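Participant: Got a structure here, written out as structure tokens. Questions coming.
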There are 4 protein chains.
Amino acid sequence: MSFFERLKAAASAEWRAYTEHPFTIGMADGTLTEAAFRHYLVQDYLFLIEFARAYAVAVYKSPRLADMREAASGLSAILDVEMNLHVKLCAGWGLSPGDLEQAPPAAEMLAYTRYVLDAGMRGDLLTLRVALAPCVVGYAEIAARLAARPDTCAATNPYRVWIDEYAGGPYQEVAAKTRAHLDRLAELIAIFKEATRLETDFWEMGWRVGPRVE
Amino acid sequence: MSFFERLKAAASAEWRAYTEHPFTIGMADGTLTEAAFRHYLVQDYLFLIEFARAYAVAVYKSPRLADMREAASGLSAILDVEMNLHVKLCAGWGLSPGDLEQAPPAAEMLAYTRYVLDAGMRGDLLTLRVALAPCVVGYAEIAARLAARPDTCAATNPYRVWIDEYAGGPYQEVAAKTRAHLDRLAELIAIFKEATRLETDFWEMGWRVGPRVE
Amino acid sequence: MSFFERLKAAASAEWRAYTEHPFTIGMADGTLTEAAFRHYLVQDYLFLIEFARAYAVAVYKSPRLADMREAASGLSAILDVEMNLHVKLCAGWGLSPGDLEQAPPAAEMLAYTRYVLDAGMRGDLLTLRVALAPCVVGYAEIAARLAARPDTCAATNPYRVWIDEYAGGPYQEVAAKTRAHLDRLAELIAIFKEATRLETDFWEMGWRVGPRVE
Amino acid sequence: MSFFERLKAAASAEWRAYTEHPFTIGMADGTLTEAAFRHYLVQDYLFLIEFARAYAVAVYKSPRLADMREAASGLSAILDVEMNLHVKLCAGWGLSPGDLEQAPPAAEMLAYTRYVLDAGMRGDLLTLRVALAPCVVGYAEIAARLAARPDTCAATNPYRVWIDEYAGGPYQEVAAKTRAHLDRLAELIAIFKEATRLETDFWEMGWRVGPRVE
């Protein structure tokens, strides 16, 4: 059972409330109002700007070059790929990227993004990565589930482009990498803990033979 | 007109909505329900923990020792004085400091405190001080106004202890110092700007005489 | 005169000491010992890791999406391009990227990189950008000057690959962008200052007419 | 064996090089030149300003109120007590606090303080506390050892006031608290690790019984 699966199991009620929210069903069957989707998407654009900042904090916090590269690729995935979906969809409503950046921030967006940024700046890299995971991995899981529903495929479903994007290969790979990276970080910590414990035992072994000479 | 007065003038609608909120009138005339006050006070305790962290960021950000001491005294005012009021009032409801620290955080408290912490960590000291000001100075202003109302003084008003604390000398002095410190920071910036402009002009003066020799 | 030119003029003695250091002449005429160059290059690899972290802080500190993209491209230029030169040159000495990452850090490298990271985390984006500028722009200037010397072009010059890299089009463009970005930041600040002053005057204009009504 | 003793044991060569440096012997027998001591003390004043900033970061990083209070008392110990010794001694050389704050920073001071600040901002609270420990605990150990030497007590020893300060009760107590706090943090981590492991085992126990139903 992977580290991420354990986190999900430990927070199963919250995970279901998030990934199976009526909003997601409304996208699958096309019953979600455009106004609701539009409000969400504009705020999600502002959200992505802050999440890009959080990935930058992950680069800053990384103790090893490999972690830095991993975080830098997450940053690039947001700025260079994911935001394009929002720009494209919002252009259909006559909203320019500049309009999006100037949209009044919703309290929910502020609360979520600043919580993640604060947790990340305060704690270490694993803490930050855990705070980022529900978004990255959850979206992949949600979209994959929705894409498998027959009603999603209806030619008239206006939310199909959103679902296809997150259910598509490139995004699913980003989420898979995130899960694998979390596992690697958690495993490294386990190895470090074990090695530290063994180091300590080694000292203790010598210590038991006789008292310390100043 | 002080720097703080200018900020207030520039945000006058928001300032009134905050300082003249019905919640404050309810404390003055004693009509606020205990449940509402209690929910507020428990969240305000969690809020103060985060604000103490924000004052610590102000110490960290300070470019001069005098600014550090100013911020450190703000930190101490929260940890060593202000929180005692909350502990005392909450003890009356059978809540220990440990209960308070473990209370589930409200979304509004998370949103506000993390916004301030993020703005402060991202920007410079003045930015952080400006983000902290509405709380520190606003509470002093609110309590002073409420204390001047006749209904506040009724012996039966259960919120008098709260009003007396923030209308009292020590807290009013903290707020006055905060306003003065903001003025000093803003003034230093004005002086620095002017000196920088003059320095630049001085270079320009020499520059106009002839071209640069490599 | 650009903002960067002004900074250079204000720190002209230090700028010359840095850009015209004997070490740079030794690379141009090939008289620098390999041991000295090798020590420098290994430490410069560690330096680039920290500078990549500093660019990540610039992404985090950016108030606008355009600044974030600019900083993210600086981060990518280090991780995806500049470090390859070091990897390639060090491979010639039998040093793997892993060996480089594990090299004991020199005190000078620690002092410089941590100073920049601290200045950047403490101050705002312009402060950080100014702290990063001597490296980015200075290297372009140094390499361009060295490349113009006849002795640099000698086929036997072992440092030609280093000089060619930093004198080459791609790196010169990075430096030019950095200078332009600094100018834009400084200009925005000037505009913001002016607009703020005018806003204030506008309030003052109204204020002079009559006293405030509570 | 306490956590701090383990750290010392794991870094015994470095610890001896630091705590038994000739500089410390020179203070004990009074042979250290005044110029050397003065240079050290002025830089130590600048060092303390940065260490106060690092304690502020510890307040900011603290996950619990008790850790915040502990860190805030460390901050106050520097700003309100320790720096007074420097101010008093430097006044004897005609240096005001303003002169001290304006003294040109030595590269060694910059390297050390910025390394600690970066390690602390990048990692979690324990990382920061470990980076702060050599200074706080080491000075107490050094001064206690020097105070026990007969030559230290000579009425003519000009460094006795320094030794008395750090060997004295208040400072020794600060160091003892620091050691105890490190132990508590490390113990909490051990407890947390164990509880986490047991939680995981509990999930695993249930998991082994049957496969997950989606």
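Participant: Report, for A:Thr33, each distance to the same residue's label point in the other copies, shortest first and in nm; define the point 7 Å along Cα→Cβ.
Facilitator: 2.9, 7.8, 8.2
Participant: Also, I was wondering about something else. How far, in whole Å, is the nearest Cβ of chain B from the axis relating it by rotation to chain D, and which residue carries it?
Facilitator: Residue of B nearest the axis onto D, distance in Å: B:Ala56, 2.
Participant: Karplus couplings for the stretch C:22-27 from phi (6.51 cos²θ - 1.76 cosθ + 1.60, θ = phi - 60°), rounded to Hz, Gly and Pro as x?
Facilitator: Ordered by residue, 3J(HN,Hα) equals x, 4, 5, 5, x, 6 Hz.
Participant: Can I ask one more? Other chains' Cβ within 10 Å of C:62-69 residues: what's the mean?
Facilitator: For this peptide, the per-residue mean of nearby foreign Cβ atoms is 4.
Participant: Shifting gears a bit: Hey, for A:Ser73 with labels 7 Å out along Cα-Cβ, what do the inter-copy distances come to in nm, ordered shortest first?
Facilitator: Copy-to-copy label distances for A:Ser73: 2.3, 4.8, 5.3 nm.
Participant: With a 1.4 Å probe and all protein chains left in place, how much of the accessible area of the protein assembly as shown comes from carbon and sulfur atoms, in whole percent?
Facilitator: 62 percent
Participant: Is the stretch B:1-63 best put as rounded, prolate or oblate by its Cα gyration tensor, with a ≥ b ≥ c the root eigenvalues, rounded for a/c under 1.5, and otherwise prolate when a/b is larger than b/c, oblate when not? Before the final figure, lay out the partial values.
Facilitator: On the way: a/c = 3.84, a/b = 1.26, b/c = 3.06.
Since a/c reaches 1.5 but b/c is at least a/b, the shape of the stretch B:1-63 is classed as oblate.
Participant: Now for a different question. What is the Cα centroid distance between the stretch A:50-96 and the stretch C:101-118, reported in whole angstrom?
Facilitator: 28 Å
Participant: Given points 7 Å out from each Cα along the Cα-Cβ axis, report the B:Glu101 to D:Asp29 separation in nanometres with one decimal.
Facilitator: With each label placed 7 Å out from Cα toward Cβ, I get 5.0 nm.
Participant: Peptide C:122-134: average number of partner chain Cβ atoms within 10 Å per residue?
Facilitator: Mean inter-chain Cβ contacts per residue within 10 Å come to 2.
Participant: How big is the gap, in Å, between the Cα center of the stretch B:20-40 and the Cα center of the stretch A:123-193?
Facilitator: 44 Å
Participant: How far apart are the C:Ala11 label points across copies, placing each 7 Å from Cα toward Cβ, in nm, shortest first?
Facilitator: 3.1, 3.4, 4.3
Participant: Taking both sides together, what accessible area is buried at the B/C interface, probe 1.4 Å, expressed in Å² and rounded to the nearest 100?
Facilitator: About 1900 Å² of accessible surface is lost on pairing.
Participant: Could you work out the mean count of beta carbons from other protein chains within 10 Å of each residue's beta carbon in A:1-13?
Facilitator: Details: counts 5, 0, 1, 0, 3, 6, 0, 0, 5, 4, 0, 0, 0.
Counting other chains' Cβ atoms within 10 Å and averaging over A:1-13 gives 2.
Participant: Could you work out the relative contact order of chain B? I mean the mean sequence separation of Cα pairs under 8 Å and 6+ apart, divided by the number of residues, in percent.
Facilitator: Rounded, it is 27 percent for chain B.
Participant: When the dipole is taken about the Cα centre of chain B, and only Lys, Arg (+1) and Asp, Glu (-1) are charged at their Cβ, what size is it in debye, to the nearest 20?
Facilitator: 340 debye
Participant: Still on this model: Taking the Cβ-Cβ separation of B:Ala176 and D:Thr156 as r and a Förster radius of 45 Å, what is the calculated FRET efficiency to the nearest 0.05? Let's see the in-between values first.
Facilitator: Details: r = 51 Å, r/R0 = 1.13.
Taking R0 as 45 Å, the efficiency between B:Ala176 and D:Thr156 is 0.35.
Participant: Over the stretch D:1-100, what is the relative contact order in percent, taking alpha-carbon pairs closer than 8 angstrom and at least six residues apart?
Facilitator: 24 percent
Participant: How many Å² of accessible area per residue for chain D, probe 1.4 Å?
Facilitator: Accessible area per residue, chain D: 48 Å².
Participant: Using a Förster distance of 35 angstrom, determine the FRET efficiency expected from the C-beta separation of D:Arg16 and B:Val81, and round it to 0.05.
Facilitator: About 0.20, to the nearest 0.05.
Participant: While we're looking at this one, here's another question. Run the paramagnetic zone check for B:Arg184: 7 angstrom along Cα to Cβ, then residues of the stretch B:49-70 with backbone nitrogen under 11 Å.
Facilitator: Hits in the stretch B:49-70 for B:Arg184 at 11 Å: B:64-70.
Participant: I need the shape label for the stretch C:1-159. Rule: rounded when a/c is under 1.5, else prolate if a/b > b/c, else oblate, with a, b, c from the alpha carbon gyration tensor.
Facilitator: It comes out oblate by the Cα gyration axes.
Participant: First check a/c for the protein assembly as shown, with a ≥ b ≥ c the square roots of the eigenvalues of its C-alpha gyration tensor; if it is under 1.5, answer rounded, and if not, answer prolate when a/b is larger than b/c or oblate otherwise. Intermediate values should be presented prior to the final figure.
Facilitator: Numbers: a/c = 1.22, a/b = 1.09, b/c = 1.12.
Rounded is the answer for the protein assembly as shown, as its axis ratio a/c remains below 1.5.
Participant: Given the options D:Pro104, D:Tyr115, D:Gly30, identify the residue whose Cα lies farthest towards the positive end of the charge dipole of the stretch D:26-132 (+1 on Cβ of Lys, Arg; -1 on Cβ of Asp, Glu).
Facilitator: Value computed over the given set: D:Tyr115.
The values are calculated or read from the model by the stated rules, or taken from the named source; none is laboratory data. Please read all numbers here as calculations on a predicted model, not as lab measurements. Heads up, the Cβs are rebuilt from the backbone with ideal geometry, glycines too, and the neighbour counts pull from every protein chain shown. Accessible surface is based on the protein model in full, side chains and every heavy atom, while ligands, DNA and RNA are left aside. Shrake-Rupley method; radii C 1.70, N 1.55, O 1.52, S 1.80 Å.
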